[in-house]
Amino acid sequence: MSIHLRAHAFAANPLRGLAGTRSSGAVSPSAAAETLRALLDGADAAAGHHLSRVLPFRRGRPLARSPDPPAPSSSSPSPAPPPAWRLAWLPPSRVPGVPSDVFVFLGSHGGEGGGEEAAAYWAVDVSEVEGARFGGAGEESAFVDLRTLMVAADWRDKDTMGELAIAGHARALLEWHNTAKFCGACGAKAVPTEAGTRKQCSNESCKKRIYPRVDPVVIMLVIDKENDRALLSRQSRFVPRMWSCLAGFIEPGESLEEAVRRETWEETGIEVGQVIYHSSQPWPVGPNTMPCQLMVGFFAYAKSLDIHVDKKELEDAQWHSREDVKKALTFAEYEKAQRSSALKVNQICKGTERGQSTSSDLRVESEEPAPMFVPGPYAIAHHLISSWAFEGAPKVPSSFSNL
Ligand SMILES: [Zn+2]
């Protein structure tokens, strides 16, 4: 069974795109910033004509809450659904003592005449803020690792996936602020501008504008058309039994197709001919030094089949038959992983879980473990592999036509 998504995880952010920026009720960054400043200065809530909501982050983790789901009725045969997490938005009055210029504008929502009041949404890093209390006892909210929230997100729930996209965008912007502290041209301090969505060099004779950074990565499923097999690989940092697509960075002066061919050749010694685009996914949960990667997904047809693994890059790479790949895409296991992560987020928010381990969230447990599995539906690798296994490449599935 293949899992079709409306959009990739972290894409289709409800605060962005045409719906978020061009609606009649959209709040401009400058109007939102003016209202936020007034509220932080203690002006009454009547300042401005929209609500302001703030999402605090601590060390890259958003504040989340996880209300208990309603208990199933005794006549219901199905088990209780796992709790759905939500972002814990706060009014600006709950984030005292933080200068207004470190808040980052995320977008606005509502106010189009549908009865919902327009609201401007902000993110702020409170890692260094002392004295203010966020979450904790009685609030049932906590700072939760974004990867844990990603695995815990129910991919069938549009609202949860929208909140995941907002949190990903917010984390990418905050991490970018942390890494882009100085002007790359003259070395002077870079200061936030345009409600934190851009930066500018503070040196009057330079004033270079600095834009949020996106690091593109090619990710490819290499296919042996003649023998109906796909190439999957393992990195040493993967959890046991997990196999995935090849991926790599693009070098200056290289096209995406050339990067696919070069990376495949360097890592596995396989020559690639035709390269076909599938879809792309923002990936704000990569290394801290890369605030937001953009995974650009391709099918790549092999021209040679002998594998020579570059052991510095990969632990292993092997051809797998379509039947084996289908077995690795076990829907029940993804559902189980999502469910156990959702329960874990619930416990973290209630303060009953000690420590947060990321690696165990990504492990798919099973009583009779399949010989291998591939990443879950939150990752583009899953959809590249699933598209080939169930639908045959290179046809792009209709569910992705709007990506
Ligand atoms: Zn400068």
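Out of segment 180-201, which residues are away from the ligand (no atom under 16 Å from the Cβ) and open to solvent by 60 Å² or more (accessible area, probe 1.4 Å)?
Glu194
Filter the strands (runs of 3 or more DSSP E) completely within segment 128-239 down to those with at least 1 residues that are assigned by TED's automatic domain parsing to the domain that holds Glu271.
In segment 128-239, 215-224, 229-234 are the strands (runs of 3 or more DSSP E) which contain 1 or more residues that are assigned by TED's automatic domain parsing to the domain that holds Glu271.
Every residue, every condition in (1) assigned by TED's automatic domain parsing to the domain that holds Arg147; (2) at pLDDT 95 or above; (3) surrounded by 16 or more Cβ atoms within 10 Å (Cβ to Cβ); (4) on the phi > 0 side of the Ramachandran plot, yes or no:
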| site | (1), (2), (3), (4) |
| --- | --- |
| His308 | no, yes, no, no |
| Glu313 | no, no, yes, no |
| Asp316 | no, yes, no, no |
| Glu365 | no, no, no, no |
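If you go through segment 54-77, how many residues are surrounded by fewer than 10 Cβ atoms within 10 Å (Cβ to Cβ) and either under 24 Å from the mean Cα position of the chain (by Cα) or β-branched (Val, Ile, Thr) (or both)?
Residues in segment 54-77 being surrounded by fewer than 10 Cβ atoms within 10 Å (Cβ to Cβ) and either under 24 Å from the mean Cα position of the chain (by Cα) or β-branched (Val, Ile, Thr) (or both): 0 in total.
Hey, any hits in segment 281-296 for a residue that's of a type in the set (Phe, Trp, Tyr) and under 25 Å from the mean Cα position of the chain (by Cα)?
For segment 281-296, residues of a type in the set (Phe, Trp, Tyr) and under 25 Å from the mean Cα position of the chain (by Cα): present.
Tell me which residues, restricted to segment 206-218, are in contact (Cβ under 8 Å) with a residue 12 or more places away in the chain and within 8 Å of the ligand (Cβ to nearest atom).
Within segment 206-218, Cys206, Lys208 meet the criteria.
Against the definition (under 27 Å from Lys327 (Cβ atoms) and modelled with pLDDT of 95 or more), how does Ala259 come out, yes or no?
no
Kindly indicate whether Gly253 is more than 16 Å from the ligand (Cβ to nearest atom) and of a type in the set (Gly, Ala, Ser).
Yes; evaluated as a whole, the condition is true for this residue.
The values are calculated or read from the model by the stated rules, or taken from the named source; none is laboratory data. Note that the structure is predicted; figures quoted are calculated from it, not measured. Neighbour counts run over all protein chains shown; Cβ positions are idealised from the backbone, glycine included. Protein only, heavy atoms only, side chains kept; ligands, DNA and RNA dropped before computing areas. Shrake-Rupley method; radii C 1.70, N 1.55, O 1.52, S 1.80 Å.
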